[in-house]
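> Take this structure, written in structure tokens, and hold onto it; I'll ask about it next.
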Amino acid sequence: MTEVLVTGGAGFIGSNFVHYALATRPDWRVTTLDKLTYAGRLENLKGALDDPRHSFVRGDITDAAVAGCLVERADLVVHFAAETHVDRAIHGAADFIKTDVFGTYVLLEAARRATHLRRFIQISTDEVYGTVPDGSSRETDELKPRNPYAASKAGADRLAYSFFATYGVPVCITRASNNYGPCQFPEKVIPLFITNAVDNQPLPLYGDGGNVRDWLHVLDHCRALDLVIEHGVDGEVYNIGGGNEVANVDLTHQILDLTGRPASLITRVPDRPGHDRRYSLDTTKLRALGWQPQVGFAEGLRETVQWYQANESWWRPIKQSNAEFQSYYATQYGERLRLS
Ligand code: NAD
Ligand code: DAU
């Protein structure tokens with residue numbers, strides 16, 4: 001059996017990856033290490049929690065005792081755990097530095113002592129390239145992160161590379177574009193706008209709505225990671241982009257069409273500070289390994305809307321009775337919505 005450690009496996013992408021791995025890799029035994037922050041939800045692992053090939057450990061990646069012992073047992077580490085929301089990083093970046101940078105360092109230190117580790121996947125992001133006025137970012141392009149989340153991820157990305165270059169840790173780094181799909185926490189634009197639309201609440205569109213994101217279905221992301229685990233080259237970086245560049249205002253209209261709600265719900269609010277205008281990835285390198293996205297954006301977005309419509313019991317308690325979320329929402333949107 002291959003022992004796989006998944007950090008952050010109770011979050012959005014991590015939990016989709018755990019389910020994907022258990023379904024497609026009968027020879028893998030998966031351990032999820034997750035702190036269960038506001039974004040980590042055990043219900044995301046429903047089904048996996050009863051699977052004899054999966055174990056769940058509640059713990060913090062910055063805790064060297066826990067991380068060291070789990071990394072030592074692993075053949076593969078897929079490191080998703082992070083603070084991930086740009087707007088929260090703008091309010092305060094301390095947790096981003098602690099988890100995304102220092103937590104990654106703790107795991108890498110354990111990885112350099114590990115005896116049979118064959119791959120350490122550092123999950124990075126397209127945000128490390130910064131805003132892309134034209135063309136598409138290649139893996140060799142300069143990193144120009146422009147918000148504290150992106151900068152913390154860039155630090156972790158290069159720290160992982162340094163542990164390959166200095167100590168020979170078998171690191172591959174992946175930089176994915178914006179993911180969407182089931183179980184994404186409703187602070188991110190797609191689940192926030194779908195669930196607000198369901199409830200006939202305003203959709204707070206930042207700035208002029210012209211910012212462009214490249215949308216990647218979470219299962220296409222999982223398939224790409226699988227390929228990099230098996231066929232990636234140590235020390236290399238792989239972009240993972242869906243090839244679906246959509247302006248936020250167009251995305252918002254698509255969500256309104258799919259939920260049958262009026263355009264009058266769109267509420268233009270003051271922009272996110274340092275808001276990157278556009279991300280775009282050149283995925284030639286990954287495609288050469290044999291990957292291409294399988295989920296079209298129109299179909300994937302329709303299915304995602306249907307998932308949130310069918311799973312109100314997943315998101316309604318977060319939005320309606322979770323004090324942490326309500327406090328965040330008031331801080332992020334209260335004044336913005338009043339000003340609009
Ligand atoms: P998420 O916020 O949904 O989940 C993060 C998970 O990490 C949660 O389960 C949380 O409990 C856990 N976690 C946080 N701090 C921890 C700590 N100190 N110790 C242990 N666990 C901790 O995030 P996501 O959207 O699933 O993103 C996963 C990874 O993918 C992140 O590294 C993120 O930077 C990267 N990424 C995300 C996207 C995207 O569009 N969502 C795109 C590219 C890259
Ligand atoms: O690009 C990859 C990144 O994508 C990941 O590394 C991050 O972890 C992930 O959060 C995501 O970052 P973004 O900032 O692009 O995602 P978010 O969903 O927050 O915003 C997407 C776009 O929508 C962005 O241009 C800002 C805009 N937006 C967002 C929110 C939450 C709005 O207009 N209104 C909103 O209320």
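> Among the listed residues Phe185, Phe193, Phe163, identify the single one that is in contact with a Leu (Cβ under 6 Å, 6 or more places away or on another chain), under 16 Å from Thr304 (Cα atoms) and of a type in the set (Phe, Trp, Tyr). Let's see the steps before the verdict.
On the way: Phe185 fails: in contact with a Leu (Cβ under 6 Å, 6 or more places away or on another chain); Phe163 fails: under 16 Å from Thr304 (Cα atoms).
Only one candidate passes the filter, namely Phe193.
> Anything in segment 171-197 that is touching a strand residue (DSSP E or B) at 6+ places or on another chain (Cβ under 9 Å) and within 9 Å of ligand 1 (Cβ to nearest atom)? List them, or say none.
Filtering segment 171-197 down to residues touching a strand residue (DSSP E or B) at 6+ places or on another chain (Cβ under 9 Å) leaves 171-181, 188-193, 196-197.
Scanning segment 171-197 gives Thr174, Arg175, Ala176, Ser177, Asn178, Asn179, Tyr180, Lys188.
> Looking at Thr166, is it without any contact (Cβ under 8 Å) to a residue 12 or more places away in the chain and more than 20 Å from Arg88 (Cβ to Cβ)?
Details: without any contact (Cβ under 8 Å) to a residue 12 or more places away in the chain: yes; more than 20 Å from Arg88 (Cβ to Cβ): yes.
Spelling it out, Thr166 is indeed without any contact (Cβ under 8 Å) to a residue 12 or more places away in the chain and more than 20 Å from Arg88 (Cβ to Cβ).
> Condition first: in a helix (DSSP H, G or I) and either farther than 27 Å from Tyr20 by Cβ or within 15 Å of ligand 1 (Cβ to nearest atom) (or both). Now tell me which residues in segment 158-170 satisfy that.
Narrowing segment 158-170 to residues in a helix (DSSP H, G or I): 158-167.
Arg158, Leu159, Ala160, Ser162, Ala165, Thr166, Tyr167 - these are the residues of segment 158-170 that are in a helix (DSSP H, G or I) and either farther than 27 Å from Tyr20 by Cβ or within 15 Å of ligand 1 (Cβ to nearest atom) (or both).
> Can you name the condition, by its number, that Arg272 falls short on among (1) under 21 Å from the mean Cα position of the chain (by Cα); (2) away from ligand 2 (no atom under 12 Å from the Cβ); (3) surrounded by 14 or more Cβ atoms within 10 Å (Cβ to Cβ)?
So Arg272 meets the others, but not (2).
> Which count do you get for residues in segment 137-157 that are within 16 Å of ligand 1 (Cβ to nearest atom) and outside any helix (DSSP H, G or I)?
If we filter segment 137-157 for residues that are within 16 Å of ligand 1 (Cβ to nearest atom), which is where we start, we get 137, 139, 143, 145-157.
Filter again for outside any helix (DSSP H, G or I), leaving 137, 139, 143, 145-147.
Residues meeting the conditions: 6.
> Consider Val66 carefully, then state whether it is away from ligand 2 (no atom under 16 Å from the Cβ) and assigned to a strand (DSSP E or B). Before the answer, list the steps.
Numbers: away from ligand 2 (no atom under 16 Å from the Cβ): yes; assigned to a strand (DSSP E or B): no.
Judged against the criteria, Val66 is not a match.
> Moving on to the next point. Which of (1) touching a Leu at 6+ places or on another chain (Cβ under 8 Å); (2) closer than 28 Å to Arg316 by Cα is the odd one out, the single condition Val228 does not satisfy?
Looking at each condition in turn, Val228 falls short on (2).
> Return the pairs, sorted by first residue and then second, in which the second residue is assigned to a strand (DSSP E or B) and more than 8 Å from ligand 1 (Cβ to nearest atom), the first residue lies in segment 51-64 and is within 11 Å of Asp34 (Cα to Cα) and aliphatic (A, V, I, L, M), the beta carbons are less than 9 Å apart, and the residues are 6+ apart or on different chains.
So the pair list comes out as Val57/Thr31; Val57/Thr32.
> Would you confirm whether or not segment 166-180 contains a residue that is charged (D, E, K, R), more than 8 Å from ligand 2 (Cβ to nearest atom), farther than 13 Å from Thr267 by Cα and crowded, with 21+ Cβ neighbours inside 10 Å? Steps first, please.
Just the residues of segment 166-180 that are charged (D, E, K, R), to begin with: 175.
In the following step, the residues that additionally are more than 8 Å from ligand 2 (Cβ to nearest atom) were identified as 175.
Now restrict to residues that are farther than 13 Å from Thr267 by Cα: 175.
Next, from what is left, pick out any that are crowded, with 21+ Cβ neighbours inside 10 Å: 175.
Yes, because at least one residue in segment 166-180 is charged (D, E, K, R), more than 8 Å from ligand 2 (Cβ to nearest atom), farther than 13 Å from Thr267 by Cα and crowded, with 21+ Cβ neighbours inside 10 Å.
> Going through segment 74-101 one residue at a time, which ones are away from ligand 2 (no atom under 13 Å from the Cβ), assigned to a helix (DSSP H, G or I) and crowded, with 16+ Cβ neighbours inside 10 Å?
Ile97, Val101
> Have a look at Ile190, Ile194, Ile240 and point out the one that is in contact (Cβ under 8 Å) with a residue 40 or more places away in the chain, over 22 Å from Phe17 (Cα atoms) and surrounded by 21 or more Cβ atoms within 10 Å (Cβ to Cβ).
Numbers: Ile190 fails: over 22 Å from Phe17 (Cα atoms); Ile240 fails: over 22 Å from Phe17 (Cα atoms).
One residue alone meets the criteria, Ile194.
> Assess whether Trp314 counts as being under 26 Å from Ala39 (Cβ atoms), in contact (Cβ under 8 Å) with a residue 24 or more places away in the chain, surrounded by 15 or more Cβ atoms within 10 Å (Cβ to Cβ) and among the aromatic types (Phe, Trp, Tyr).
So Trp314 fits the description; yes.
> Being away from ligand 2 (no atom under 16 Å from the Cβ), more than 15 Å from Val218 (Cα to Cα) and outside any loop (DSSP other than H, G, I, E, B) is the filter; apply it to segment 1-22 and report the residue that is farthest from the chain's Cα centre (by Cα).
Thr2
> Got at least one residue in segment 31-47 being out of contact with any Asp or Glu (no Cβ under 6 Å at 6 or more places or on another chain), in a helix (DSSP H, G or I) and among the acidic types (Asp, Glu)?
Checked segment 31-47: at least one residue is out of contact with any Asp or Glu (no Cβ under 6 Å at 6 or more places or on another chain), in a helix (DSSP H, G or I) and among the acidic types (Asp, Glu).
Rule-based calculations on the coordinates, nothing more; no lab input. Computed from a predicted structure; not experimentally measured. Neighbour counts run over all protein chains shown; Cβ positions are idealised from the backbone, glycine included.
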